[in-house]
Amino acid sequence: MKRVYAREEYCVGCRLCEVHCVVAHSRYKDIVKAFKKDNHRPLPRIFVEENRPVSFALQCRHCEEAHCTKACITGAMQKDPVTGVVICDESRCVGCWTCILACPFGAIARDERGKKVASKCDLCSGSGDIPACVKNCPNEALVFVESNPEPKVV
C-alpha cells in the first residue's frame, strides 16, 4: 500500500499541505471559494508540527493493525480491505473520541464545528492518484510511495 511520508529535511513549515487538504475536501474544490465562501470549511487532515528549525507534516499512517478501528464504538472508523485506507464514516461517528485516544501517532483530530466527528487523512480517496498535500508541496517534503510494513505498536 502507498502511504504519505514526510521528509523533515525539506519541510519549511509553509503549511501549503494543510491549505490544499482543506481545498481537496471542500465543497467548492477552489482555493479562494473554499476559504472565503465555504461556511462549513473542513479541517485540514494533515497537521504541520513545528519546533524551529524542524518542521514536518503529520497525517494518518493507515496502519496495518489500526488501533483507531478497534477502539471505535460505532464502527465509523474502518479499514478498506482492498485499498488499506483507514477512513472515518462521518455519518456513523458520534464524537466519542476513542479513536483519538487510541491513535499512537496523534493523527486524528476533533472536528467540533456542526456535528462533532473525528477528522483524519483519507489519502484524498476518490480524487485522483496522488493526495493533494503531496501534489502541492513545493519542496517535495511529502512523498507518496509504497511502504514497508511498519513495526507493530504495542
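Derivation of every value follows stated rules applied to the coordinates shown; laboratory data play no part. Because the structure is a prediction, the values reported are computed rather than measured. Using ideal geometry, Cβ is built from the backbone for each residue, glycine included, and neighbour counts are taken over all protein chains shown.
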Under 21 Å Cα-Cα from LYS37, which lysines qualify once same-chain neighbours fewer than 8 residues away are excluded? LYS29, LYS115
Computed over the chain, Kirkwood Rh from alpha-carbon pairs, angstrom: 16.0 Å
What's the percent breakdown of Cα-Cα distances in segment 70-154 across 5 Å bins, shortest bin first? 3, 12, 19, 23, 20, 15, 7, 1
Roughly speaking, what is the centre-to-centre gap between segment 85-154 and segment 29-70 when only Cα atoms are used, to the nearest Å? 7 Å
Based on the Cβ-Cβ distance of LYS37 and GLU90, what FRET efficiency does E = 1/(1 + (r/R0)^6) give at R0 = 25 Å, to the nearest 0.05? 0.70
